[in-house]
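Chemist: The structure under discussion is supplied below as C-alpha cells; questions concerning it will follow.
The values are calculated or read from the model by the stated rules, or taken from the named source; none is laboratory data. None of the values given here were measured: they were computed from a predicted structure. Here the Cβ is made from the backbone with ideal geometry for all residues, glycine too, and neighbour counts use every protein chain on show.
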Amino acid sequence: MLIIGSHVSFSKEQLLGCVKEALGYGANTFMFYTGAPQNTMRSIINDNFTLEAMFLMKENNIDYNNVVVHAPYIINLANIKNTDFSISFLTQEINRCEQLGINKLILHPGSHVGIGIEQGIQNIIDCLNIVLKNTNVKILLETMAGKGTEIGSSFEEIKLIIDGVLNKQNIGICLDTCHLNDAGYDISNFDKILDEIDDKIGLSYVNCIHINDSKNEQAAHKDRHDNIGFGTLGFNNIINIIYNQRISHIPKILETPYVEEKPPYKYEILMIKNKKFDQDLKNKIVN
Ligand code: FE
Ligand code: FE
Ligand code: ZN
C-alpha cells in the first residue's frame, strides 16, 4: 500500500488540525513541526485535540506509526557553542512527541560551522546519546544537500553518527530525494542507492523518505525543493522511487513548495496515485 502524505500545519487544532488537513489532501500519513521551526515558542499541547485526532486517524486508517514530526531547524547538535540550548530544546521536542503519541522525530544532523566534520560528528553523537536516554521516540537523521558546512550529505557521515549512538533502536534515517540529488547522488537508479545504503548502513534504518523534486542539478549542494515533475529529477524518476517495492512500507512525505501561497499536496498526491504527470498542475493548484 502506498503510504503518502505531506507537511501539514500544527497551528490550528494541533494534531487534530494536522489530521484534517492531511485527509483533505487524500493523504494517509503526514509530517508536522510542533511549532515554528525557526523559534522556540511552543503552544501547550491540548490532550483533547490529540485524543480526537487519534479517533479520526483510526476511522480513516491512518497509522500513527507512519506519522512523523520534524525537529526545528534552529537545533544544531554539531556546534559546540550552542549544544546546551540544542539539547534542552530537542529534549522538549521529544517530550512533545511522546505527549502526542508520535514516535518518530526527523532531525537535520547539524552544521559544523568551521570546527570540522570529525568534531561536528562527535558533538552530534554526544548530544544524541544524552537526549535519547529515556525515550521510545526514534530520531531519524535526514540526509542533507551539503549546503555550507552541513553534516550528513553522505551515507558515510550518517553511518559514522549511527555507529556512535548507543541505543540503535532509537536511531534511523530519513532520505530526501532533493537532498540526495543536490548532495551528488544519481538517484535515477534508486535500486543502486538502496544497495549502497544497505551495504554501508543497513536498509532497515531507513524509516521515512521526503519526496521532493529539485530546482538544481546533481551535486549543486543547494537544497531548493521543486514541485513533483517540475524540477531536475523529473516525474518518472520520482514515481519509480515512490513505487520501489523495497521501500513500500516507508512513509513518503512531500515537502514541495506552495504555488502562489496555495498548498500543492492534494494535486501532487492525486498525480502520484494516477502515475501520470499533469502539465496543468500549477493552474489547478492556484484556481
Ligand atoms: Fe528536513
Ligand atoms: Fe526534507
Ligand atoms: Zn530540503
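Chemist: Report yes if some residue within region 246-253 is in contact with a Ser or Thr (Cβ under 9 Å, 6 or more places away or on another chain), closer than 24 Å to residue 103 by Cβ, within 16 Å of ligand 2 (Cβ to nearest atom) and assigned to a loop (DSSP other than H, G, I, E, B); otherwise report no.
Modeler: Yes, region 246-253 contains at least one residue that is in contact with a Ser or Thr (Cβ under 9 Å, 6 or more places away or on another chain), closer than 24 Å to residue 103 by Cβ, within 16 Å of ligand 2 (Cβ to nearest atom) and assigned to a loop (DSSP other than H, G, I, E, B).
Chemist: Considering each residue of region 12-54, count those that are buried (at least 22 other Cβ atoms within 10 Å of the Cβ), outside any loop (DSSP other than H, G, I, E, B) and of a type in the set (A, V, I, L, M, F, W, C), and give that number.
Modeler: 8
Chemist: Find the residue count for region 236-270, including only residues that are over 18 Å from the mean Cα position of the chain (by Cα) and either surrounded by 21 or more Cβ atoms within 10 Å (Cβ to Cβ) or basic (Lys, Arg) (or both).
Modeler: Of the residues in region 236-270, 4 are over 18 Å from the mean Cα position of the chain (by Cα) and either surrounded by 21 or more Cβ atoms within 10 Å (Cβ to Cβ) or basic (Lys, Arg) (or both).
Chemist: Name the pairs: first residue in region 240-268 and in contact (Cβ under 8 Å) with a residue 24 or more places away in the chain, second residue part of a loop (DSSP other than H, G, I, E, B) and more than 16 Å from ligand 3 (Cβ to nearest atom), Cβ to Cβ under 6 Å, at least 6 apart or on different chains?
Modeler: From residues that are in contact (Cβ under 8 Å) with a residue 24 or more places away in the chain, the pairs are 251/3; 265/25; 266/25.
Chemist: Another question, if that's okay. With the condition kept exactly as written, say whether any residue in region 172-184 is within 15 Å of ligand 3 (Cβ to nearest atom), surrounded by 19 or more Cβ atoms within 10 Å (Cβ to Cβ), among the charged types (D, E, K, R) and at pLDDT 95 or above.
Modeler: Yes, that holds for at least one residue.
Chemist: May I pose another question? Working carefully through the options 187, 269, 228, find the one that is within 25 Å of residue 19 (Cα to Cα), away from ligand 2 (no atom under 13 Å from the Cβ), modelled with pLDDT of 95 or more and not in a helix (DSSP H, G or I).
Modeler: 228
Chemist: Working carefully through the options 209, 151, 158, find the one that is under 18 Å from the mean Cα position of the chain (by Cα), within 23 Å of residue 256 (Cβ to Cβ) and crowded, with 19+ Cβ neighbours inside 10 Å.
Modeler: The match here is 209.
Chemist: For the structure I just gave you, tell me whether residue 61 is at positive phi and at pLDDT 95 or above.
Modeler: yes
Chemist: Related question: Out of the residues in region 55-109 meeting the condition of being small (Gly, Ala, Ser), in a loop (DSSP other than H, G, I, E, B) and surrounded by 17 or more Cβ atoms within 10 Å (Cβ to Cβ), tell me which one is nearest to ligand 3 (Cβ to nearest atom).
Modeler: Step by step, filter region 55-109, then rank; the result is 71.
Chemist: Just to be sure I understand, how many residues within region 1-11 are under 14 Å from the mean Cα position of the chain (by Cα) and either farther than 23 Å from residue 98 by Cβ or assigned to a helix (DSSP H, G or I) (or both)?
Modeler: The total comes to 2.
Chemist: Go through region 126-136 and count every residue that is among the hydrophobic types (A, V, I, L, M, F, W, C) and surrounded by fewer than 21 Cβ atoms within 10 Å (Cβ to Cβ).
Modeler: Number satisfying all stated conditions: 1.
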